[in-house]
1. Considering each of B:170, B:165 in turn, give the residue that is within 14 Å of chain A (Cβ to nearest Cβ), assigned to a loop (DSSP other than H, G, I, E, B) and touching a residue at least 24 places away in the same chain (Cβ under 8 Å).
2. Go through segment A:414-455 residue by residue and tally those that are outside any helix (DSSP H, G or I) and charged (D, E, K, R).
3. Of all residues in segment A:250-276, which are within 14 Å of chain B (Cβ to nearest Cβ) and of a type in the set (Ser, Thr, Tyr)?
4. Test residue B:204 against the criterion of being more than 25 Å from the chain's Cα centre (by Cα) and assigned by TED's automatic domain parsing to the domain that holds residue B:112, and give yes or no.
5. Mind listing whichever residues of segment A:412-441 are at the interface with another protein chain (Cβ under 10 Å from one of its Cβ atoms) and in contact with a Leu (Cβ under 6 Å, 6 or more places away or on another chain)?
6. Can you tell me which residue is surrounded by the most Cβ atoms within 10 Å (Cβ to Cβ) among those in segment B:238-284 that are among the β-branched types (Val, Ile, Thr), within 13 Å of another protein chain (Cβ to nearest Cβ) and in a helix (DSSP H, G or I)?
7. Given the structure, is residue A:159 more than 14 Å from residue A:61 (Cβ to Cβ) and either modelled with pLDDT of 90 or more or in contact with a helix residue (DSSP H, G or I) (Cβ under 9 Å, 6 or more places away or on another chain) (or both)?
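The values are calculated or read from the model by the stated rules, or taken from the named source; none is laboratory data. Fair warning: this is a prediction, and the values are worked out from it, not measured in the lab. Every residue, glycine among them, receives a Cβ derived from its backbone with ideal geometry; neighbour counts consider all protein chains shown.
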Amino acid sequence: MKRRKVLSLFLTTILAVSMLAGCKSKSGDPAASNVPDMITAAPDSSTTEAGGLDGASFSLLHFHKTTDESGTGAAYKTASDAWKTANPGVTINEEFVAHDDYETYLKTLMASEKLPDVFICKGDMLEQLAEAGVIDPLDDDIAGEWGSGFSEGALNDGTVNGKPYTIPFQLQANCTVVYNKDILTECGVNEFPSTYDALLDAIEKIKAKGYTPVALGNSAKWVAESCLFNTFAYRYVTADWFNSLKNKEGAKFTDEAFVQALADFQKLADVGAFNSDMNSIDNMEQKKMYYNKKAAMFIEGAWCVGDIIANAPDDVKAATEFANIPEVTGAGGDKDAVAGGAGWGYCIKSSLTGKNKEAALSFLKAVSDSGYGAVALQNGFISGSKVENVDTSSLDPVFAKYLAYVSTVKQQPIFDVQLPAAVSEELYARTQELLIDAVTPEEMAQYCQEVLDAQ
Amino acid sequence: MICHSHPVIKKGNVMLKKKARNKITLVYALILVPLLMYIFFIITPLIISVIYSFNKWSGIGAKQFTGLRNYDRLIHDKNFWLAAKNTLVIALYAVLGQVGIALIISFLMTNHKLKFREFHRTVIFFPVVMAPIVIGFIWKFIYNKDYGLLNALLKIAGRANWIKPWLDDPGIVVKSVSVPVIWQFIGLYMVILLGAVMSIPNDIFECAELDGANWGQKSIYITLPMIWDTLKIAIILCASGTMKIYDQIYVMTNGGPGRSSSVLTLYCYDTTFRIGNFGYGATISVSILLFGLALAGIIQLLMGRRKN
């Protein structure tokens, strides 16, 4: 009896102590269990040892899935492995978080002031970080060959007050129309419609043959706004209009041209361009509809090219072509404009200094410069750096077709990367409603403007 | 009294007292563990949330004390009231569906003619042990337009005209997302109510049977009054638990189309982590707490009075 009591007291104490220990690690150890060894091993920036970068260390948070066989994950793995082999004396405390969870995770780290030394950040968060002094501009660090090697527009999304705060590693068109030319031919549409009116015509013909004209999976809310409407809107308004809107310099969502863009976009849904369950399926399912030849086309960002290469059946792959959203005659926009850009980029925390920062910069150069650009192309995506003398014969034919398409477009600011998140959320939610006629174009413009004004 | 003077008994008494004291120490030590956990994981974050709710804070840099401004904004926020309305409607459906159906099932379980009682109980309880996120995915497929189970069944039954865009029509989407929520937790309340039903002494039923009471009369005049307090707790648990509903709706509609199936937790999450407004997000989470407490209070008041 007594022994049992002693035992239970002992166990209670252990439980209590272990819980307190748990508390300590929660509040004391910055990263707790989710971020193993990341911050605890954070560098002591004052130490400087002789011998190149040996002994330097930094922590890194990213969303490159290195187990992927193609795309950004594979390219990152190739380039980062090569750098690590060349710099065995540098310790990188690297952590991966899946892309869909990344933003939430990053915001949690920000709020608890536990950001790693180097992390990937999206354009709309930079201003706050820069104002709080968490990150410094990188213009001096990337000066010279590295900085001049970036493609035109690659630095736009990471620029705050005219200075670059991020190092871009990708340059993606947020919108590309992917269509099956065999299905179009079968429906009597011999070439991809070049105007809005021709598109409406084509939709009727495709529907008559029993196909869904455009597969749309918008349950995550951003697809219709970011990949379809944003570029469609550039047929009516210009990048200058958008910059004026963003900086509150006169342009408004309620301007006639933008409302007209909303109205014509709504008309596409009204004439049955999309599947009726567009707001309850996701963008994986929209691709499946296309792969299963139920839909004649779908519209998504550059990242879908890797998925087509990996998952589409061979006959669909062979029939796949890329195009831009058709021109709207007399609407005033630019027929070659596409919402696109780097979106995300690497940031360096201002607390990282000395040799550790040098090591971080050296590493980031390896995963973003033109050498990386060549590796990226081999893996089916376009980096933020220019690549000279591309040999398209060694590329996947689908990716080569995409490259040909993307060389004809002009990348313009992505609304939901550059606008405050509250406005983007409003645009997403209202676009869903617009597509099912739950809101009129005028009302939607009004609501979005109200949210923008409140920022 | 004589016993006290007896040395052996006196010694025994002292030992008994010592034993009792040790036992009390042990009890307190054991209680301390969950208490500390409760303080650390529930009370502390709650207090921190309340503090945040008086601040403007984007998650980076210094917090700015703004007093009741967040609460003022909350009162005038249409999106918040839409989410609150949806949450309360789902809570109402959940109470009627989960506790209501569970009550009927537990009445049926008292029926002597029922066969395979254990089997029924296990099958009905099964969804409770599944993760809500899995339930969300399963029902997303059930509702799917092209290969969903529901539409397929309707077609087989010759009722193709009943087919609706289950998750795409703002008019019915709240009802559609409530069904999986109800379905998942019937088993939980069935087990709670069944426990109460089982604890009713059998002789009461036997007496009633001798007096010629049928199954319906026994249920209404014996079972229901005898399990009233348990029923009250079940309803409070169900209503306040539904205030926390998140996963199923996040998976099925993400609050859409537009915001038509948005609930408080989803709105709180989006405000905090997507928009990055930690102060206002905390205000919404405090409102969830207040709604939960108010609901529990109202139910207590209504059901307590009826019993008297």
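1. Selected residue: B:170, the only one of B:170, B:165 that is within 14 Å of chain A (Cβ to nearest Cβ), assigned to a loop (DSSP other than H, G, I, E, B) and touching a residue at least 24 places away in the same chain (Cβ under 8 Å).
2. 1
3. Correct list: A:276 only.
4. Working: more than 25 Å from the chain's Cα centre (by Cα): yes; assigned by TED's automatic domain parsing to the domain that holds residue B:112: yes.
It is true that residue B:204 is more than 25 Å from the chain's Cα centre (by Cα) and assigned by TED's automatic domain parsing to the domain that holds residue B:112.
5. Answer for segment A:412-441, where residues must be at the interface with another protein chain (Cβ under 10 Å from one of its Cβ atoms) and in contact with a Leu (Cβ under 6 Å, 6 or more places away or on another chain): just A:423.
6. Selected residue: B:249.
7. On the way: more than 14 Å from residue A:61 (Cβ to Cβ): yes; either modelled with pLDDT of 90 or more or in contact with a helix residue (DSSP H, G or I) (Cβ under 9 Å, 6 or more places away or on another chain) (or both): yes.
Here the answer is yes, as residue A:159 does meet what is asked.
Yes/no per residue for (1) in a helix (DSSP H, G or I); (2) surrounded by fewer than 18 Cβ atoms within 10 Å (Cβ to Cβ); (3) under 24 Å from the mean Cα position of the chain (by Cα):
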{"position": "B:87", "(1), (2), (3)": "yes, no, yes"}
{"position": "B:100", "(1), (2), (3)": "yes, yes, yes"}
{"position": "B:126", "(1), (2), (3)": "yes, yes, yes"}
{"position": "B:146", "(1), (2), (3)": "no, yes, no"}
{"position": "B:155", "(1), (2), (3)": "yes, yes, no"}
{"position": "B:161", "(1), (2), (3)": "yes, yes, no"}
